[in-house]
Amino acid sequence: MPGLSEPHQPVTALPAEDVFTALETSRRGLSRAQAHDRLRTHGANELPRTAPRAVWRQLGAQFTDLFAVVLIVAAGVTFLAYGLEEPRDAGTATLAVAILGVVLLNAGIGFTQEYSAERTAQALEAMVPRTCQVVRGGERLELPALDVVPGDVVVMEAGDAVPADCRVAEAHELAVNNAPLTGESNAVGRTADPVAAGPLLEARNCVFMGTDVVTGSGLAVVFATGAATEFGRIYRLAAAAPRQKTPLQRQVASMARRVAGVALAIGALLFAVRLPSGDSVVQPFVFALGVMVALVPEGLPATLSVSLSIGVRRMARRHALVKRLLAVEALGSTTVICTDKTGTLTQAEMTVTEVWTEGRSHSVTGVGYEPRGEITDSASVRELLRVAGLCCNARLVPPTGPTERWRVLGDTTEGALLVAGIKAGLDRRADEAAAPRVTEFPFDSDRKLMTTVHRTGAGYQAYVKGAPGEVLARCAGIQQAGRSDALTGTYRTAVAAVADGLASKGLRVLAVARRDLHGPRPAQEEAESVLTLLGLVGMQDPPRPEVTDAVTACRRAGIRVVMVTGDHPLTGEAVARRVGLVRGSEPVVVTGTQLDGMDDAALDSLLATPSDLLLCRVSPEHKMRVVTAFQRHGEVVAVTGDGANDAPALKHADIGVAMGASGTDVAREAASMVLLDDSFASIATSVRLGRAVYQNVRKFLVYLFSHNVGELVPILAATFAGFPLVPINAVQILAIDLGSDVLPALALGAEPPESDVMDRPPRSRNERLFSTSVVGRILFLGGIQALCVSAVFFWHIGSSGIPFGDFTQDTRVYQEAITMVQAGIVLSQFFNALTVRSDHRSVLTVGLTSNPALLAAGGFGIALMAAISYLPTLQAVFNTAPLDAGDWTVLAGLGTVPLLADEARKALLRRRSGRSAGGAK
Ligand code: ATP
């Protein structure tokens with residue numbers, strides 16, 4: 001394939017019509033067989049990934065973080081102490097091994113976590129495959145970008161990502177953003193004309209993989225794919241972009257560091273207190289080190305990551321792909337959602353139901369894109385629908401199987417016009433043949449209109465369709481009884497009234513107009529002025545059934561939903577009423593033009609009004625301004641967007657939400673979340689899941705830290721009471737931290753959302769994870785636990801009658817007492833896990849068995865404790881003794897004390913909030 005292997009210079013220098021032959025293709029594109037052959041020769045259109053980080057490297061990295069290093073040093077020092085001790089104490093060696101065990105276990109959790117996060121990210125990426133529109137065998141098809149081959153004819157529109165390196169063969173106001181390749185962020189215009197030889201990247205008639213179409217439309221022929229592209233030459237895809245830590249992760253990491261500092265201080269204190277009473281330095285040192293290691297919350301960051309990634313996976317199952325972990329947290333504190341209308345609140349299944357022309361209204365039957373239905377007096381609407389249809393880029397795709405439906409490739413508004421045309425008896429191919437398109441001024445949501453120029457038997461004509469206000473402003477005449485009458489003020493008012501009438505029924509309204517031209521290449525100004533209005537088209541787009549409930553849920557959850565639409569205010573209001581966004585008789589409806597007239601102060605006071613707010617006929621720039629204004633007010637804003645020029649607002653918002661089904665590549669790239677089904681209801685679900693993640697993190701923090709209090713207080717009490725030994729030794733504490741506590745913490749991190757999670761206002765953006773209420777709860781539950789186990793310990797020691805000074809490690813009563821302390825904490829943690837599941841609801845309301853994983857994890861901890869108490873090998877390691885049934889009963893009873901106390905606290909809280917709610921009524 002000589003033309004394909006070294007095409008650059010010749011291809012850029014050729015006139016557009018010769019490009020097809022040079023690249024061994026044609027305007028009709030490649031045939032299926034040719035495409036197949038070329039795919040075999042050139043391979044898939046993808047960049048070679050750099051080899052992922054080797055598994056051993058990933059594993060190795062786990063041992064170099066701060067915690068791991070501290071623990072490894074601690075284990076080394078303990079081994080050293082064991083070597084220096086005279087006589088040697090097997091307990092010291094056990095502690096050293098246990099610390100190494102902690103390091104290994106943490107590395108294991110960290111590694112699995114990272115590995116599965118990477119896999120999840122890859123899986124999520126694969127769920128939104130990149131596609132592009134390509135002409136093959138004369139048909140326009142949507143293909144995965146991977147399948148594009150040299151010689152393919154690519155159809156490009158604003159917002160599309162360029163799938164490969166191509167020579168432009170047709171350009172209508174086409175401009176691309178070459179920033180990924182050249183660093184220049186301005187949009188650069190493209191042409192189909194030949195250019196002089198020079199560097200390929202500077203050729204104005206080429207578009208390159210990795211860049212995006214900013215405005216306009218065009219046709220281009222692929223000359224290089226995959227690694228052969230300029231992008232492929234410059235870049236190697238990084239295996240994984242460095243993942244930024246989220247605020248929650250940063251808060252937990254800094255908390256863990258602070259706790260480690262406190263542990264160090266406590267360790268030093270214990271060492272200082274015990275040093276004078278011991279025979280050697282080694283024993284108090286090893287003891288202090290053990291307590292320190294036990295108090296460090298090693299598993300915390302990993303548990304948090306697990307919890308966040310569970311949130312991400314749950315959202316993916318509910319059609320919301322989170323691209324940045326940050327969004328999971330931000331979703332939980334969202335206070336305002338600015339939502340599009342078409343496709344998000346509605347089904348984006350447009351059907352023309354009314355056509356108005358020559359002073360009369362004609363109704364259209366049928367639903368969706370299936371071209372079956374009737375139009376009253378169809379002959380009289382044919383010219384309007386012919387013009388509208390020729391001014392469209394969308395294509396109708398018939399079903400290929402019995403379960404499939406008619407689909408639209410391209411803009412759904414245009415799809416509806418084509419369907420109406422077929423219902424009126426038009427044949428698009430014949431119309432196109434009779435009036436071939438010469439040029440186009442593409443639609444964009446700022447101009448709200450689109451124009452095409454055609455060569456007809458009667459000379460050149462411009463066909464225009466767009467928002468009625470925009471089109472009417474450019475009309476000088478109106479089609480009446482086969483001729484163009486002047487569009488006088490009375491006519492204008494009458495037409496506007498008809499358009500408003502259609503809009504107030506909730507219909508999307510388009511005006512269609514025409515103009516005779518002098519030549520094939522008019523300036524845009526010429527093509528879009530002195531037009532003759534042919535009439536109006538009204539199309540209906542039914543609301544999504546699930547949206548009404550989602551809107552109600554958001555209201556209950558204290559989230560404000562603001563509709564931001566490019567559509568007519570009356571259409572917007574009608575749809576808003578249908579989905580429950582507007583309830584009162586007087587919503588505040590503000591148009592883009594009115595927004596332009598407001599300064600920031602006026603906008604701020606508008607947004608501060610708590611009434612139902614609809615922003616209509618707005619452009620993406622307005623959207624950006626509104627998002628910024630809300631953020632100025634301290635709101636956490638989620639905003640939806642689908643067009644290329646929505647990207648700034650999507651990037652600027654706290655959560656940019658792009659449409660997976662209908663949105664552009666550019667919007668998807670800019671967003672932090674992509675909705676696979678485009679539905680507003682999926683945003684509401686994600687907010688619910690985002691809130692649940694935050695709640696779960698709080699649950700396991702309270703759970704994990706409360707037992708630290710339960711361990712530390714008895715140790716301090718014994719030290720200051722002058723008891724020569726500890727109520728619980730370091731190896732036992734490690735067994736709790738790593739044996740019985742890890743799994744319940746993970747199960748708490750995976751809890752489904754609480755049923756009332758959407759009945760509360762959003763969490764404040766400034767709320768700290770370790771709020772007064774969280775710390776208070778840790779001290780409350782941990783304090784009671786500490787009192788109970790301390791009482792058990794001193795009661796058991798005291799009732800033996802042995803003086804404190806006579807106790808040694810081998811005293812049986814001592815061994816029983818420390819076993820009881822450990823078992824007491826394990827049992828109490830089992831009940832704590834149940835109570836931390838809700839701040840204010842009783843465990844009975846939450847359901848004792850509603851999280852079976854938690855029960856199983858708790859059961860495992862108790863079984864492990866039993867093994868430590870009864871198995872001789874473990875008794876030797878932990879210095880424990882067998883407990884009898886009476887001991888277990890007492891411990892189980894005491895274990896429920898924190899739970900019962902918490903139940904009483906919750907009941908009080910509920911009574912108080914019931915009373916204040918009653919008082920507020
Ligand atoms: P929504 O919030 O409903 O999604 P939007 O912001 O997507 O609305 P636009 O697509 O910008 O709205 O459309 C604004 C107006 O432009 C529409 O009300 C319609 O009158 C007109 N319009 C929409 N699509 C086209 C098109 N393909 N060609 C010409 N005019 C169009």
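The values are calculated or read from the model by the stated rules, or taken from the named source; none is laboratory data. Predicted, not measured: the structure shown is a model, and the values here were computed from it. Backbone-built Cβ (ideal geometry, glycine too); neighbour counts: all protein chains shown. Note: accessible area is taken over every heavy atom of the protein model, side chains too, but ligands, DNA and RNA are not part of it. Shrake-Rupley method; radii C 1.70, N 1.55, O 1.52, S 1.80 Å.
For Lys505, the aspartates and glutamates whose Cα falls under 14 Å of its own Cα, not counting residues fewer than eight places away in the same chain, are Glu354, Asp541, Asp567, Glu573.
Between Arg812 and Val69, the C-beta separation translates, for a Förster distance of 56 Å, into a calculated FRET efficiency of about 0.90. Net charge in the neighbourhood of Val836 (other residues with Cβ under 15 Å of its Cβ; Lys, Arg +1, Asp, Glu -1) is +1.
Largest accessible area first, the listed residues Trp888, Trp406 line up as Trp406, Trp888 when surface is computed with a 1.4 Å probe on the assembled protein chains.
Sequentially through region 94-106, phi angles give Karplus couplings (6.51, -1.76, 1.60; θ = phi - 60°) of 4, 4, 4, 5, 4, 5, 4, x, 4, 4, 4, 4, 4 Hz, Gly and Pro residues having no value and appearing as x. When the square roots of the Cα gyration tensor eigenvalues are ordered a ≥ b ≥ c, the ratio a/c for region 409-484 is under 1.5, which makes its shape rounded.
Magnitude of the charge dipole for the chain, about its Cα centre and with charges confined to Cβ atoms of Lys, Arg (+1) and Asp, Glu (-1), is about 1380 debye. Per residue, the average separation of C-alpha pairs within less than 8 Å and at least 6 apart gives region 351-540 a relative contact order of 23 percent. Each of Pro442, Val464, Thr365 was placed along the dipole of region 351-540 (beta-carbon charges, centred on the mean Cα), and the one lying farthest toward the positive end is Thr365. Kindly identify region 351-540 as rounded, prolate or oblate by the Cα gyration tensor criterion: order the square roots of the eigenvalues as a ≥ b ≥ c, call it rounded if a/c is under 1.5, otherwise compare a/b with b/c, prolate if a/b is larger, else oblate. Here region 351-540 falls in the oblate category. Taking Lys and Arg as +1 and Asp and Glu as -1, the other residues whose beta-carbon sits under 12 Å from that of Ser585 total -1. In the chain, the calculated helix contribution to ellipticity at 222 nm averages -15500 deg cm²/dmol per residue, counting -39,500 (n - 2.57) for every DSSP H run with n ≥ 4.
Rolling a 1.4 Å probe over the protein chains gives Phe443 an accessible area of about 110 Å². Put simply, the amide H of Glu170, placed in the peptide plane, has neighbours under 5 Å in Leu219, leaving out anything fewer than 5 places away on its chain. Here the chain has 59 percent of its accessible surface on carbon and sulfur atoms, given a 1.4 Å probe and all protein chains in place. The calculated FRET efficiency for Glu525 paired with Ser116, based on their beta-carbon distance and R0 = 60 Å, is about 0.55.
Computed extension length for Ser605-Glu139: 162.5 nm, one decimal, from 0.36 nm per residue of separation with the Cα-Cα distance subtracted.
The calculated FRET efficiency for the pair Thr845 and Arg407, based on their C-beta separation and a Förster distance of 35 Å, comes to about 0.15. Sequentially through region 19-32, phi angles give Karplus couplings (6.51, -1.76, 1.60; θ = phi - 60°) of 5, 4, 4, 4, 9, 6, 8, 8, 4, 7, x, 7, 7, 4 Hz, Gly and Pro residues having no value and appearing as x. Site pair Ala272 and Ser380 shows an inter-label distance of 9.9 nm when each label is modelled 7 Å from Cα along Cα→Cβ.
In the structure displayed, which of Lys623/Lys651; Lys448/Lys623; Lys423/Lys448 lie more than 19 Å apart, Cα to Cα? Beyond 19 Å: Lys423/Lys448. Using amide H atoms built in the peptide plane, which far-off residues or other-chain residues are under 5 Å from Val149 H to H? Answer set, sorted by chain and number: none.
Net charge dipole, region 351-540: roughly 180 debye, given to the nearest 20, about the Cα centre with Cβ charges of +1 for Lys and Arg and -1 for Asp and Glu.
Note on Lys699: lysines with a C-alpha under 17 Å away, same-chain residues under 8 apart excluded, are Lys906. Among residues other than Ala16 with Cβ under 11 Å from its Cβ, the summed charge is -2 (Lys and Arg +1, Asp and Glu -1). Accessible area of His42 (1.4 Å probe, protein heavy atoms only, ligands and nucleic acids ignored): about 80 Å². A simple rule links phi to the HN-Hα coupling: the Karplus curve 6.51 cos²θ - 1.76 cosθ + 1.60 with θ = phi - 60°, which for region 827-833 gives 5, 5, 5, 4, 6, 4, 4 Hz, with x for Gly and Pro.
When DSSP beta bridges are limited to those with both residues in the chain, what percentage is antiparallel, rounded to the nearest 5? DSSP beta bridges in the chain are roughly 75 percent antiparallel.
Report the one residue of Ala823, Pro882, His796 whose Cα lies farthest in the direction of the positive end of the charge dipole of region 772-903 (charges on C-beta: Lys and Arg +1, Asp and Glu -1; origin at the Cα centre). Going by the Cα projections, it comes out as Ala823. Once the Cα-Cα distance is subtracted from the 0.36 nm per residue extended length, the Ser361 to Ala430 segment shows a gain of 22.2 nm.
With all protein chains kept in place, the per residue accessible area of region 351-540 amounts to 42 square angstrom at a probe of 1.4 angstrom. In this structure the amide hydrogen of Val214, modeled in the peptide plane, comes within under 5 Å of the amide hydrogens of Gly159, Ala175, Val176, Asn177, none closer than 5 places in sequence on its chain. Multiplying the residue separation of Arg40 and Arg765 by 0.36 nm and removing their Cα-Cα distance gives an extension gain of 255.7 nm. Heavy-atom accessible area for Asp612, with the other protein chains in place and a 1.4 Å probe, reaches approximately 30 Å².
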